[in-house]
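Reviewing the structure listed below.
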Amino acid sequence: MQYELAPADLALVLALHRAGTLAAAGERLGVNASTVFRMLQRVERGLSQPLFERGRRGYKAMELARTLAAQAEQVEAALEAARAAAHSQPGQAAGTVRLTTTDTLLHGLLAPALAALHRAQPRLQFELHTGNELASLTRRDADIALRATAKPPPHLIGRRVGPIRVALYAARSSAIKHWDQVEAGTAAWVAPDDGLPEHPSVRWRQRHFPTLQPAFRTGSVQSVAELVAQGLGVGVLPLFLAEPKRELRRLTEPLDEAETDLWLLTHPETRHLQRVQTVWSHLAQALVLD
């Protein structure tokens, strides 16, 4: 007798595909890891074929599992849209929108834009993930991403916000007043650490000061700005973050070599949901780079 997939089976495959481990899938489903394992065994026996490859790093979806996960995402999106429609009021979006970005972009650009949106749409809630690693929009770990990148992933829907221009800054209280002092090697540097090896500011510094060793290294550009403002050294900072800080002095014109683009990204499957569409449209208009 042919096995008939149930909605719970699709939810299981989708959760394990996104999470990659039994424990993480169980957290998404509200059950423990052993229950997820038994559920998976039952579905695979019913289909008479494996759905996932088991490895040291977890569970990797095979072709059929990827196909089922894609169908499950459509079901999930349709259910979310139906729930939103059932509880929405005219002109009001409701629900939780998950956004991923860096702490620099959160504090410098995203938070002010979300403050205005929250006043206009009080039934929206926001989960804000910050980190240098991009939370997966494909696995639905996030609904919208705000990221600096020269080339966004082609499978995502993207809108270019504008160029992120950067320059070299020092504290106004610092003895470093001019670029010539930096060229002469008299300035200490504050820079991103090894967690950001490809950051445009890192590549620019390595090209122009190949033997220089920063006196201070930290895990975010936001922290670089704070340390520079306290007089610990000079650092390359985005104009949108540094220019509002009265305690900072710009030492150079914008560094074209270190410029990159800011993109607003989302997944095609979630783009049409009212809550996501509302946030996306607002951010597309509200986020401005000088």
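The values are calculated or read from the model by the stated rules, or taken from the named source; none is laboratory data. Everything quoted here is computed from the prediction, not taken from an experiment. Here Cβ is always computed from backbone atoms with ideal geometry, including for glycine, and neighbour counts include all displayed protein chains. All accessible areas refer to the heavy atoms of the entire protein, side chains included, with ligands and DNA or RNA removed. Shrake-Rupley method; radii C 1.70, N 1.55, O 1.52, S 1.80 Å.
Results, tabulated for the structure shown:
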item: Any hit, the stretch 229-239, residues being open to solvent by 30 Å² or more (accessible area, probe 1.4 Å) and under 28 Å from G158 (Cα atoms); result: no
item: Residue ID - farthest from G219 (Cα to Cα), chosen from residues in the stretch 90-118 that are under 12 Å from the mean Cα position of the chain (by Cα) and part of a strand (DSSP E or B); result: R98
item: Members of the stretch 126-146 found to be at pLDDT 90 or above, surrounded by fewer than 18 Cβ atoms within 10 Å (Cβ to Cβ) and in contact with a helix residue (DSSP H, G or I) (Cβ under 8 Å, 6 or more places away or on another chain), listed by number; result: F126, L128
item: Scan of the stretch 26-45 for residues that are farther than 22 Å from Q2 by Cα and touching a residue at least 24 places away in the same chain (Cβ under 8 Å), ordered by number; result: V36
item: The stretch 243-253: number of residues that are open to solvent by less than 80 Å² (accessible area, probe 1.4 Å) and modelled with pLDDT under 95; result: 1
item: Of all residues making up the stretch 46-78, the number that are farther than 14 Å from L5 by Cα and in a loop (DSSP other than H, G, I, E, B); result: 4
item: Unique residue being out of contact with any strand residue (DSSP E or B) (no Cβ under 8 Å at 6 or more places or on another chain), at pLDDT 90 or above and not in a loop (DSSP other than H, G, I, E, B) when the list is S223, S173, S201; result: S223
item: Some residue of the stretch 165-183 being under 17 Å from L105 (Cα atoms), crowded, with 20+ Cβ neighbours inside 10 Å and β-branched (V, I, T); result: yes
